[in-house]
Structure formats: C-alpha cells, structure tokens
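One structure is given below, encoded as structure tokens.
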Amino acid sequence: MKKYMLSVALSLLFLCSCNKFLELSPAHQISENNFYKTTEDFENALVGVYASFRDVFTREIFYIAELTTDNAEVSISSSSVAEMEFDEMNLTPSNTIVQGFWTKVLFTIARTNILLQRLENSDLNTEIKARIAGEARFIRAYSYFLMVQVFGRSPITREEFRSPEDIAKADLSLKPAEEVYEEIVNDLIEAEQLLVDNGHTDKGKVALGTVKALLGKVYLTHNQHADALKVLKELTEMDKYGLQPEYQTLFKPGNSNLDESLFELQFISGFNQGNEYSVLFTPASTGLLANNQQGSGRITPSLDLMEAYEAGDKRKTASVGDTIRPNGVKEYSRHGLKFVDLTAENPRDGAVNFTLIRYADVLLMYAEALNETDNTGEALKYLNRIRFRADLEDLEITDQELMRNAIAQERRIEFAFEGHRWFDLRRTGKTQQVINAFFAGKGLNFTVEDDELVFPIPRREIDINPELGR
C-alpha cells in the first residue's frame, strides 16, 4: 500500500465521506444515502460540477495566461511574492497561486468522476442520462487539458474514492502528456456522441458545438492539424453561431447568451455568485469604478500590449484604457476593461459573464488549421472576417510563415485579457522568443528557460510525494 496520498486525494475523500461528500451551489450538505436517486439529484450534482469549474476561471487563470506574458504586469508595489513570481516568470513550487490552480482543477475532476460513476449505475431516462454525461465529460476533458498545458503532466483517475483505503490503492502518479491527451480526446469524442445537436440557447451549458470547439483546440495544441481542420469545419457548417456585430457588447453587463458565445461561465451579483474582474484588471486607485471604489492593480495591461493595436482598431477601447479621473483630475493609469462593470455598486460582485469559448476563436483556430495544412489562401478569408469587425483593412498574405505571424498577432489582440495568451504562445512554440524579447525591451534580465515552459508541481504535493518533484 502506498505511503503517500496527493493532497487532492484528501479533497476527493472529503467529497466522498459518509456525511459531507458533495458541496453544491448554493452550498449545503447532504447524505449519500438519499442522494443520486432522482433526476433532480443528478441535475443538482451537475450544477456543482459547473460551479467548481467556474472557480478555476475567477483569478488563477489570468495570472497563468496573462500575467506571465507580454500582455500584462503588476502595477502596485504591495504585490505578493506569488504575484511577482508570475510577473517575472520565475515560478517556484511554493507559489500559492499555482497551488490554488492545481487544487481547483483536480477538485473539479473529482466532482465529475463522482457524478459519472453514479450516473452509470442509475436508472435515469436515457436521454437525460446521455446529456448529463456529455456535459460532465466535457468539463473533465477541459480540466485535464488545463492540467497538461500548465504542468506538462497530470494525475489521471476516473475513480470515485469512498475511503482512505481506496485512495491508497489508486494510482495518482503523474502521467506523461501523451496519456493525458488520450484521456482528453476520449472524453470529448464520447461527449460528441452523447450530446444532441440542439438550438443551444443557454450558453451556460455545454452543447455539441462547445465540444467540437474544444476538440479542435486540443487537436491544434497536439499538432494534429488535419484532425483539427475536420472538426472545426464541421462546427463552422453547423450555422448556429456568428460574430457579434459590436465587439464591446461581448464584455459588458447583459452579455448572456449572445450569438458569438459557445460556452460562458455565468455570474449573478447579489448572491455571492458574482465575479471579481472589475477589481482584478483595474488600478489600485479611484477614478474609474463607481462610488469612488478602486481596483487592485494586480493584472493590468502592459505598455507593449497597448501599443500592439493597429490605428483604428475598434477593439482597443473595448479592451484596455489608460485614463482615470481621481477627484476629477485626468491621470494616466493603464487598465483592462473586458468583463469589468464600471457602474457596479460592488466591483467584487460583478454580473458580467465570462465567455470561455466564442466563435471568433473558432474562426481563428480554423484559419490556423487551414494554414498548417497548406491552405493559406483559404485561411486568409477567416482571418479577414475577424479584422473586418474590428474595422481594419483586409490583409493580403500568401506565405505560410507570414500567415502564422498574422494569426498570432490577431489572436493576441482579439483575446487580450481572456486567458489565451500563454496557451497560444506555447501551442505555436513562440513563448521564449516573445516573452524574452518583451523583458529585454523593458530593460530587464528576466528570461524564460526551457524548463520553465511548464509550471512547477506545487510544493505541498512534493512534500507528500517527493517523486513528483523529480
């Protein structure tokens, strides 16, 4: 029997203990003896899965995907050690933000495992059973996708643990990337088969189009460009999604269930179910938010990002700003605007939804897949569709490498502060080139070394199992 247990395993046991095995939203405790019996029970458990998944995208993901890159920087002197490690790309195993991300993602996987195990043995209506299973498999696949991109490896388990003995017997060692990607693709293909092609009006729920979009991104990330091309083409032909005419409407209050949204994390203010984006992306001073409130200055746009927008690009004023007015006096202070509610009474309880997958991403992924399969001319059409909405002139490109660079630039601008940048740089192999040049341009001797392309396994996990640190 193993002498160690991952700390996440303790969380799994907490989830599965006799009296307190599942936390739902709103939080309450229930007994496993009378739960997982009815359709309502399973629907409530699925709500819990969505709630855990949403927690992953409240704070940590923006440190990982934005603050590590040329898009963002800390703008306050009182930042924590963990935050400065991200800003300087000098992450250590003791970083509390990395630990928080690890725990939240594996906690989500634990919940999906419990739900799927119980669902398999239930006598629910076949159609309902298939839908719930499809949604849960998508969330588990996305969670593993995050783990393998950030850490390079991940524990893999489909088990529901009901005792310390179950945990001790389980193999919770880190698995290589190839095994994790196989797990991800299997879950997504299964979800494709389980979910029906419906109207997809509730974008807070996973639908068939959502699954195809993630599967396309997984294939792109794993350099399976032909497979990505096939699934993304199927998605573009579904004729269920489109670009929102006005870019700024994607990130303001009232952005629920827009045509461009394939999957969004929904927030409600006033019930402790809001977001903190209005604080996270804005400066630690008054003059921007309502009621003389101030942000945190923890993740704010870099000057490099501000200068990356082409003249006339309509996306800039919807994404970033550089002027605040404390006491009515104009002052220079860079800030993010996406998902920020400038009128909210409580900026830590915002009701703006976070769109995790949108159709612009599908089109640019499709352009990338086309270009990587020697269809550069066709790829250009989809790139220019994105530029047209931004009120920019069409590009004329025939060279494959120039097209790669153009797509990368378009993705940076289109998805700034949406949690894409680090993952895009990793996928395209440009991380060190771009970020090291960014540091050099600021006169800093920070660099991203080869071994820093994946994040360190948290110290707490290493202390429990020293093998994880090797």
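For this structure, a couple of remarks:
- ASP399 fulfils the conditions (1) surrounded by 19 or more Cβ atoms within 10 Å (Cβ to Cβ); (2) more than 23 Å from the chain's Cα centre (by Cα) except for a single criterion, (1).
- Lone qualifier among GLY209, GLY204, GLY274, GLY254 - being small (Gly, Ala, Ser) and over 25 Å from ARG59 (Cβ atoms): GLY209
- Among the candidates GLU461, GLU368, GLU467, the residue that is at pLDDT below 95, buried (at least 18 other Cβ atoms within 10 Å of the Cβ) and part of a helix (DSSP H, G or I) is uniquely GLU461.
- Yes/no for ILE397 being closer than 24 Å to MET306 by Cα and not basic (Lys, Arg): no
- Qualifying residue in segment 422-438 (condition: in contact (Cβ under 8 Å) with a residue 40 or more places away in the chain and part of a loop (DSSP other than H, G, I, E, B)): no
- ALA416, sole failed condition from (1) buried (at least 16 other Cβ atoms within 10 Å of the Cβ); (2) among the aliphatic types (A, V, I, L, M); (3) in a helix (DSSP H, G or I): (3)
Residue-wise test of (1) closer than 22 Å to ASN223 by Cα; (2) crowded, with 17+ Cβ neighbours inside 10 Å; (3) of a type in the set (Ser, Thr, Tyr); (4) at pLDDT 95 or above.
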{"site": "ALA390", "(1), (2), (3), (4)": "no, yes, no, yes"}
{"site": "ASP394", "(1), (2), (3), (4)": "no, no, no, yes"}
{"site": "ARG404", "(1), (2), (3), (4)": "yes, yes, no, yes"}
{"site": "GLN409", "(1), (2), (3), (4)": "yes, no, no, yes"}
{"site": "HIS420", "(1), (2), (3), (4)": "yes, yes, no, yes"}
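- Some residue of segment 75-84 being at pLDDT 95 or above, farther than 23 Å from ASP123 by Cα, buried (at least 16 other Cβ atoms within 10 Å of the Cβ) and outside the structural domain of VAL320 (by TED's automatic domain parsing): yes
- Listed conditions (1) outside the structural domain of ASP341 (by TED's automatic domain parsing); (2) closer than 23 Å to ARG59 by Cβ; (3) aliphatic (A, V, I, L, M) are all met by LEU243, apart from (2).
- Qualifying residues in segment 216-242 (those that are among the charged types (D, E, K, R) and in a helix (DSSP H, G or I)) - the one nearest to GLY199 (Cα to Cα): GLU234
- Flag if ILE357 is touching a helix residue (DSSP H, G or I) at 6+ places or on another chain (Cβ under 6 Å) and surrounded by 18 or more Cβ atoms within 10 Å (Cβ to Cβ): yes
- Output for segment 246-305, where each listed residue is surrounded by fewer than 21 Cβ atoms within 10 Å (Cβ to Cβ), β-branched (Val, Ile, Thr) and assigned to a loop (DSSP other than H, G, I, E, B): THR286
- If you filter segment 204-245 down to residues that are farther than 18 Å from GLU368 by Cβ and β-branched (Val, Ile, Thr), you find that the one that is surrounded by the most Cβ atoms within 10 Å (Cβ to Cβ) is VAL211.
- Residue in segment 374-384 that is basic (Lys, Arg) and not in a helix (DSSP H, G or I) present: no
- Failed criterion for ASP394 (all others in (1) part of a helix (DSSP H, G or I); (2) without any contact (Cβ under 8 Å) to a residue 60 or more places away in the chain; (3) in contact with a helix residue (DSSP H, G or I) (Cβ under 6 Å, 6 or more places away or on another chain) hold): (1)
The values are calculated or read from the model by the stated rules, or taken from the named source; none is laboratory data. None of the values given here were measured: they were computed from a predicted structure. All Cβ positions, even for glycine, are placed from backbone atoms using ideal geometry, and neighbour counts span all protein chains on display.
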